[in-house]
């Protein structure tokens, strides 16, 4: 694997990625494959933080759209991210990667609370830190949680692994002529509403000069290629 460009990264995965080929829930086989990619990246010397969404189990916005109280629905979504974090922790530790889960909603029987200095110590000791439960408050997405943790942990980049291989000027699923950007500015993303991440997350990365690297996590080995500067990706930067 080529040497990575970064020393410390935050990898943001959508919850839907953990479904694998299923329609719902967690596919243990696919989670195990993801864990292998994270391990391979870590073995290059990277310090890695993870944030995983909860959309494979419950999405707060969807619950609110069906008449649930938005704050209540968002808390349910946060609990879904904790479940995903524990699944990823189990997969990583089964292949010998020491891992800690820190949750913004305290639940000391299953994981640690989010404590920045403790998280930094874990990274320095070679552990992967998985941040769960977003920012611990409703009305914020896991994208915002990822941007916040990337800033707190002084990450060199925020990598967003999705089912799309970058940022396009329109939806590539509905427009065959959609153009993919190799690089694009934060301001262009915000002005054109390019749907990379929600606006508050993009603005937080812009204000802290954290590049956002968008790539497809579904292609086997793509995380390694992207870290080596070779994979298909879009970099959002100044």
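Where a number appears in this text, it was derived from the coordinates with a stated rule and is not lab data. The structure presented is a predicted model; accordingly, all values stated were derived computationally and were not measured. Cβ: placed from backbone, ideal geometry, glycine included. Neighbour counts: every protein chain shown.
By the Stokes-Einstein formula, at 1.306 mPa s and 10 °C, the range 55-127 with its Kirkwood radius over alpha-carbon pairs has D equal to 117 µm²/s. Taking all C-alpha pairs of the range 27-157, those more than 24 Å from each other amount to 27 percent.
Taking label positions 7 Å along the Cα-Cβ direction at both residue 90 and residue 62, the computed distance is 2.1 nm, reported to one decimal. Structure remark: mean-square fluctuation, Gaussian network model of the chain, C-alpha springs under 10 Å; the largest value among 136, 25, 96 belongs to 96.
Of 149, 206, 118, the residue with the greatest mean-square motion in the GNM of the chain, using alpha carbon springs below 10 Å, is 118. With n ≥ 4 as the cut-off for DSSP H runs, can you work out [θ] at 222 nm for the chain, using -39500 (n - 2.57) per run divided by the number of residues, rounded to the nearest 500? Here the helix-only value at 222 nm equals -11000 deg cm²/dmol. For the range 146-202, the C-alpha radius of gyration divided by 2.2 N^0.38 Å, with N the number of residues, is 1.22.
Expected output is a single nm value to one decimal: the length gained when fully extending between residue 174 and residue 33, i.e. 0.36 nm times separation in residues minus the C-alpha distance. What is it? Separation in residues times 0.36 nm, less the Cα-Cα distance, equals 47.8 nm.
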